[in-house]
Amino acid sequence: MQIYLPVAELAVNMFVLLGMGGAVGFLSGMFGVGGGFLMTPLLIFYGIPPAVAVATEANQIVAASTSGALAHWRRRGVDVRLGLVLLAGGLVGSLIGVMVFRVLRAVGQLDLLISVLYVGLLGSIGTLMIIESARAMRARRRGRPVSGRRPGQHTWIHGLPFKMRFKRSRLYVSAIPVLAIGATVGLLAAIMGVGGGFIMVPAMIYLLRVPTSVVIGTSLFQIVFVTAFTTVLHATTNYTVDVVLALILMVGGVIGAQFGAFAGHKLRGEQLRGLLALLVLAVAGRLLYDLVSTPDSLYVVETGLGL
Amino acid sequence: MRGGGLIAAAALLALVLMLVPGSGPARGETVTAGMSDTRVEIQSNFVGTELTLFGLIEPEPGAELAEAYDVAVVVRGPGADTVTRRRERVAGIWINRRAVSFADAPSYYAVLSNRPVAEIADAETLAAYQIGLGNIRLEADGADSPAQAEEFRRAMIERKADRGLYVTAERAVDMMAPALFATRIPLPAYIRTGAYSARILVFAEGSLVATQRETFWVAKSGFEERVSNWATRRPLLYGLGAVAIAIFAGWFAGVIFRRD
């Protein structure tokens, strides 16, 4: 069934979009990731203008992370103080990101930046994940326990000034890396249409040593507000948020995530991560191919960006 | 009796002469046109449409119709600033480099005719009335030379034609009778909203004998109209609304699928 997207100004097949939302929702439920980093490239492959894909995906992530954030909140898995400092950084990052987005769009380099960032980010994350899960699988075969966290170790991070106490996380750490992590995630949210959990969670665990019990809840808490802020900024500066598209993706995503979570319990962790890594690399590969292969036409025509 | 027969024969001859085309100078024709619709509404299921335009050529009272007419219909959509960028390979990656912009270029343009326009009128006439993709008046900005401006102009027209936004159809006007014609204006899914004009040009033996202009509107309707109005006119409210919907959807999903 064809449906006309009022902001993207094109007709799309609603079932394809529902299917895409469902498939990405399934994966995000299975792997416990947000899914923005898969959804945005998929939307671009489908022909949605990258500017609309990014801004609309930010809107969808608000929905996808709200239910998770609420669930963690009820389990007291959110360190509000830490979340607010991350959020402060995130808002600044998002603001800068939306401005960069606007300028690059005006000079015709936005699509390029989005693709290059995705190739770089997905390529490196996918590679790291493959290495990590291969190592874990080998370790399991040899019968050794897999250990990730080495608590008590101090790094240069702990020597920075402006220390703050985060009670629920039982942390006493400088505000600088917290703000920096938040800002990076905000910047990515605005330019790439991702929640940024896949960067924030490892950074919180490995750099800040936040206990695993509050990592996910706190990052989701930050993501809800940063993507909400990003959505409003994109809506007011670039006019690229398509609520009809966002709504279709939300419906597909919510349903898919339920089945994904169920399937996730049936598979082993390393296998899951190995699968996700392959998927991430495939998306990066496709984007890289589009960047380097000779296009059908050497010319691009843009009409009335409203800038 | 005989005299009466002569008068009747003369009257008949006059009548025949009036009906036989081509015997008088083809001057001062008028063309009357109508359209199947003057408003195209973009709704949620819009995938493009076609409008039928039909017309009748009539001679000036007392004059006669020409032997044959040619009809060209030039349809133009609302103008929009259009940028054409050329991609170049830099370090293996295709990057947008030179950009040439065309101010107020028609977002949609179609030339529909009963036969190739080059056969209908001479090049000067076609240029004067902007008939044909090569005759659209466009002002290039950002090009180094006229040759470069021409290169980008061609590229822009080609890309627009690929998307069905610039159309040339050389047999699209159906001459159902020497003075009666009809054509279909193809409007693709991603047309711009606004006022469209269809200019009907009637030629006889290479010279323009009558013109007429019809106007139609393309507008989003109902829900689509409201959404896009809000998005552009009340962006803050729209953005906040989008966020509110998302938060509600997330909360609602959490309630119905609650596992803990």
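No value in this document is a laboratory result; all are computed from the given coordinates. Here the structure is a predicted model, which means the values were calculated and not measured. Note that we place each Cβ from the backbone using ideal geometry, even for glycine, and neighbour counts take in every protein chain shown.
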Kindly write out, for segment A:224-234 in residue order, the coupling ³J(HN,Hα) from the Karplus curve 6.51 cos²θ - 1.76 cosθ + 1.60 (θ = phi - 60°), rounded to whole Hz, with x marking Gly and Pro. 4, 6, 5, 6, 5, 4, 4, 4, 5, 4, 5
Quick one: which residues, 5 or more positions from B:K220 or on another chain, have an amide H under 5 Å from its amide H? H modelled 1.01 Å from N in the peptide plane, none for Pro or chain starts. B:I42
Hz values of 3J(HN,Hα) by residue in segment A:131-139 - Karplus curve (6.51, -1.76, 1.60), Gly and Pro given as x: 4, 4, 6, 5, 4, 5, 5, 5, 4
Whole-number Å³ per residue for the convex hull built on Cα positions in the protein assembly as shown: 184 Å³
Distant-in-sequence amide H partners of B:R87 (H built 1.01 Å from N, under 5 Å): A:Y299, A:V300, B:R97
From the square roots a ≥ b ≥ c of the eigenvalues of the alpha-carbon gyration tensor of segment A:231-307, which class results: rounded (a/c under 1.5), prolate (a/b over b/c), or oblate? oblate
Charge tally for neighbours of B:Y196 with beta carbon under 12 Å away, counting Lys, Arg as +1 and Asp, Glu as -1, is +3
Provide the convex hull volume over Cα atoms per residue for segment A:25-135, in Å³. 134 Å³
Among the lysines, which fall within straight-line cross-link reach of B:K160, defined as a Cα-Cα distance under 26 Å, with same-chain neighbours fewer than 8 residues apart omitted? B:K220
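Wrap a convex hull around the Cα atoms of segment A:190-250, take a quarter of its surface area, and give that in square nanometres.
Reported value for the Cα convex hull: 4.8 nm².
Please average, across the residues of A:255-267, the number of beta carbons from any other chain that are within 10 Å of each residue's own beta carbon, and give a whole number. Mind dumping the intermediate values first?
Details: counts 2, 0, 2, 4, 0, 0, 2, 1, 0, 0, 0, 0, 0.
The shielding value for this peptide is 1.
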Distance between segment B:195-260 and segment A:97-145 - C-alpha centres, whole angstrom: 35 Å
Given H placed 1.01 Å from N in the peptide plane, which residues other than close sequence neighbours of A:L171 have an amide H under 5 Å from its amide H? A:F166
Sort out for me the Cα centre separation of segment B:113-187 from segment A:191-212, rounded to whole Å. 55 Å
Isotropically averaged projected area of segment B:221-260, using the convex hull of Cα atoms (one quarter of hull area), nm²: 3.4 nm²
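How many percent of all Cα-Cα pairs in chain B sit more than 22 Å apart?
Working: 22900 of 33670 pairs.
The calculated P(r) of chain B puts 68 percent of pairs beyond 22 Å.
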Once both axes come from the Cα atoms, what is the angle between helix B:146-162 and the longest principal axis of chain B, in degrees from 0 to 90, rounded to 10? 90 degrees
The computed P(r) of chain A puts the percent of Cα pairs beyond 24 Å at 54 percent
Tell me which aspartates and glutamates have Cα within less than 14 Å of A:K167's Cα, excluding those fewer than 8 residues away on the same chain? A:D79
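What average number of partner chain Cβ atoms lie no more than 10 Å from the Cβ of the residues making up B:94-107? Please list the in-between numbers first.
Details: counts 10, 5, 10, 2, 1, 4, 1, 1, 2, 0, 1, 3, 0, 2.
For peptide B:94-107, the averaged partner shielding equals 3.
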Using θ = phi - 60° and the Karplus relation 6.51 cos²θ - 1.76 cosθ + 1.60, list the HN-Hα couplings for segment A:15-32 in order, rounded to whole Hz, with x at every Gly or Pro. 6, 4, 5, 4, x, 5, x, x, 5, 5, x, 4, 5, 5, x, 5, 9, x
Using only Cα positions of segment A:1-88, each an equal point scatterer, no hydration layer, compute I(q)/I(0) via Debye at q = 0.14, 0.18, 0.24, 0.26 Å⁻¹ and quote the log10 values to two decimals. -0.60, -0.86, -1.23, -1.35
If you wrap a convex hull around the C-alpha atoms of segment B:98-201 and split its volume per residue, what is the figure in Å³? 118 Å³
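For segment A:170-307, what does the equivalent ellipsoid look like in terms of its semi-axes, each the square root of 5 times an eigenvalue of the Cα gyration tensor, given largest first in whole Å?
On the way: eigenvalues 181, 105, 65 Å².
Working through the eigenvalues yields semi-axes of 30, 23, 18 Å.
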